[in-house]
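Below you'll find the structure, written out as structure tokens, and then a few comments.
The values are calculated or read from the model by the stated rules, or taken from the named source; none is laboratory data. From a predicted model like this one, the values you see are computed outputs, not experimental measurements. Here Cβ is always computed from backbone atoms with ideal geometry, including for glycine, and neighbour counts include all displayed protein chains.
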Amino acid sequence: QRMNYNLNPGDNYLSVNLSQAGMLKVDSNVYPLRVKVDGQDYGQIENADKGLFVPVGSHDVELSNPQYLPFRTNLNFTFQRVTELPISLELKPLELSLKASPNPFSPNGDWFEDTTNFYVTLSRAGYVQISVYASNDDVVWYRNYDAPYGRSQVTWDGNSLNGSPMPAGIYRVVATVQSYGQTMSTQTNVVLDLSHYTYLKQIIIIGGILILVGLLFLIF
């Protein structure tokens, strides 16, 4: 009898011979845990009650979670025996990056780059505040949200908090994250440029009208 692990949608199955396997169970401070055995991905453990079958013998085991530093050890697995492993993973160091795109952007109503996106990348989840400052250091716009680890984004339409369009210029953007008692900030600049008008809106509207007229002509 064999146990087949479907690691991810579209991936090949990992097959373990149950007649020559033990089981790994992990008591951890965080779940889920991704499991690698001798460099091979064995899937993940969802909680302390769930386990994974592992071939008998001595194996290098790595347990990981995206927001934590990986744990590595060598374990010996015995046929039909459960190997229990208590661990406590350490959080990854907090890292924060911020990017504005498109930059410059032109909120002039031409349907081309009328907004800009602020992309925040975190090594672990946290509470983020993004603030936009004018040249006189007044906050003209901000957004607070709970951000997951990895990449998230918020969109600015070039208006102030009360909905008034902001003038052209260079604006300072500051992202601050609070994560597990630690605070970190970074900043970048974004250019609001109202000097370019692409007529994209008119082209799309006229093109749509021509297509509609053509369809009506074919029908009637």
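Going by what's in this entry, would F71 be described as touching a residue at least 40 places away in the same chain (Cβ under 8 Å) and not assigned by TED's automatic domain parsing to the domain that holds V120? It is false that F71 is touching a residue at least 40 places away in the same chain (Cβ under 8 Å) and not assigned by TED's automatic domain parsing to the domain that holds V120.
Given the structure, is T155 under 18 Å from the mean Cα position of the chain (by Cα), outside any loop (DSSP other than H, G, I, E, B), modelled with pLDDT of 95 or more and surrounded by fewer than 17 Cβ atoms within 10 Å (Cβ to Cβ)? Yes; evaluated as a whole, the condition is true for this residue.
Among the residues of segment 136-155, are any touching a residue at least 12 places away in the same chain (Cβ under 8 Å), among the small types (G, A, S), in contact with a Lys or Arg (Cβ under 8 Å, 6 or more places away or on another chain) and under 15 Å from L94 (Cβ atoms)? Within segment 136-155, not a single residue is touching a residue at least 12 places away in the same chain (Cβ under 8 Å), among the small types (G, A, S), in contact with a Lys or Arg (Cβ under 8 Å, 6 or more places away or on another chain) and under 15 Å from L94 (Cβ atoms). Here is the figure for segment 93-115: residues that are at pLDDT 95 or above and charged (D, E, K, R) total 2. Restricted to segment 152-199, and to residues there that are outside the structural domain of V139 (by TED's automatic domain parsing) and of a type in the set (F, W, Y), the residue that is farthest from N136 (Cα to Cα) is Y199. Applying the condition of being over 12 Å from T83 (Cβ atoms) and among the aromatic types (F, W, Y) to segment 22-66 and asking which residue is surrounded by the most Cβ atoms within 10 Å (Cβ to Cβ) yields Y42.
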